[in-house]
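K.L.:
Got a structure for you, written out below as structure tokens; questions coming shortly.
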Amino acid sequence: MDFIKIIQKECPRISLNFTSVIMNCNFEDIPGLLQLCEEMGIKISFQPVIFDNTDWANKSKNDGFYIPESRFYLFDKVIDEIIASKR
């Protein structure tokens, strides 16, 4: 965080961008990350976790990275917050 503040102060023409990979272990933290980026004036984008989208036969939905269907209702709320923040 200190480094980001130094860059913003010393190099105001540099545009900082943050990309977060959305996974089961972090998607509930995204609203806080959105707020932090907004407060610091940092653009943020999101990428879903994809290991190898060419080999779907060997993709395990139980590996801990993918959001299980039982948590989709929580994920829907996070997606709504992302959409609202981008408006």
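The values are calculated or read from the model by the stated rules, or taken from the named source; none is laboratory data. Note that the structure is a prediction, hence the values are computed from the model and not measured. Cβ: placed from backbone, ideal geometry, glycine included. Neighbour counts: every protein chain shown. Ligands, DNA and RNA are stripped out before the accessible areas are found, and what is left, the full protein with its side chains, is counted by its heavy atoms. Shrake-Rupley method; radii C 1.70, N 1.55, O 1.52, S 1.80 Å.
K.L.:
Can you say whether Met1 is in contact (Cβ under 8 Å) with a residue 40 or more places away in the chain and either over 13 Å from Glu81 (Cβ atoms) or touching a strand residue (DSSP E or B) at 6+ places or on another chain (Cβ under 7 Å) (or both), as far as the supplied structure shows? Walk me through it before giving the result.
P.N.:
Values: in contact (Cβ under 8 Å) with a residue 40 or more places away in the chain: no; either over 13 Å from Glu81 (Cβ atoms) or touching a strand residue (DSSP E or B) at 6+ places or on another chain (Cβ under 7 Å) (or both): yes.
No: the conditions fail for Met1.
K.L.:
If you scan segment 13-50, which residues turn out to be over 22 Å from Glu81 (Cβ atoms) and open to solvent by 100 Å² or more (accessible area, probe 1.4 Å)?
P.N.:
Arg13
K.L.:
For segment 50-87, how many residues are of a type in the set (Ser, Thr, Tyr), modelled with pLDDT of 60 or more and more than 14 Å from Cys25 (Cβ to Cβ)?
P.N.:
Step one: list which residues in segment 50-87 are of a type in the set (Ser, Thr, Tyr), which gives 54, 60, 66, 70, 73, 85.
From what's left, modelled with pLDDT of 60 or more: 60, 66, 70, 73, 85.
This time we only want the ones that are more than 14 Å from Cys25 (Cβ to Cβ), so: 60, 70, 73, 85.
Qualifying residue count for the region: 4.
K.L.:
If we keep just the residues of segment 1-37 that are modelled with pLDDT of 90 or more and hydroxyl-bearing (Ser, Thr, Tyr), which is nearest to the chain's Cα centre (by Cα)?
P.N.:
Only one residue fits best here, namely Ser20.
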